[in-house]
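Novice: Have a look at this one before I ask anything.
The values are calculated or read from the model by the stated rules, or taken from the named source; none is laboratory data. The structure presented is a predicted model; accordingly, all values stated were derived computationally and were not measured. Glycine also receives a Cβ, built like all others from the backbone with ideal geometry; neighbour counts cover every protein chain displayed.
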Amino acid sequence: MAEQCEMIIGYLVPHRCENPSLGTCAKCGRGYCDEHANQTAEGRVCLACQQGLDQPVALPIAAGFFTAAELDSFQRASMWDDNNSGDMFSDLS
């Protein structure tokens, strides 16, 4: 089971959900948190599968536009500051 929820969230800066994974989707096997899954007759299903999406995106409007390469970029960006050295954006004011 994944340690972290695998859903992509965020409107302006898409990124992987930071919540811990509570289980895996009955359809696709992706890790989900309590916020990004619902109980169905098939078991606990992630929001992407519930909405009929192939990609792990929790934004139904934008989901059709993210490519596999973009999802990979979101994942790499979410790991960019793993050493907790501070904010990844600079204050240029």
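Novice: Out of all the residues in the range 66-82, which are modelled with pLDDT of 70 or more and not hydroxyl-bearing (Ser, Thr, Tyr)?
Specialist: If the condition is that a residue be modelled with pLDDT of 70 or more and not hydroxyl-bearing (Ser, Thr, Tyr), then PHE66, ALA68, ALA69, GLU70, LEU71, ASP72, PHE74, GLN75, ARG76, ALA77 are the ones that fit.
Novice: Next question. So in the range 1-45, with the set limited to residues that are of a type in the set (Val, Ile, Thr) and within 9 Å of the chain's Cα centre (by Cα), which one is surrounded by the most Cβ atoms within 10 Å (Cβ to Cβ)?
Specialist: Among those residues, the one meeting the criterion is ILE8.
Novice: Conditions first: (1) modelled with pLDDT of 85 or more; (2) surrounded by 15 or more Cβ atoms within 10 Å (Cβ to Cβ). PRO56 passes all but one, so which condition is the exception?
Specialist: Unmet for PRO56, out of (1) modelled with pLDDT of 85 or more; (2) surrounded by 15 or more Cβ atoms within 10 Å (Cβ to Cβ): (1).
Novice: Let me ask something else about it. Limited to the range 7-56, what total is found for residues that are part of a loop (DSSP other than H, G, I, E, B) and at negative phi?
Specialist: Residues meeting the conditions: 23.
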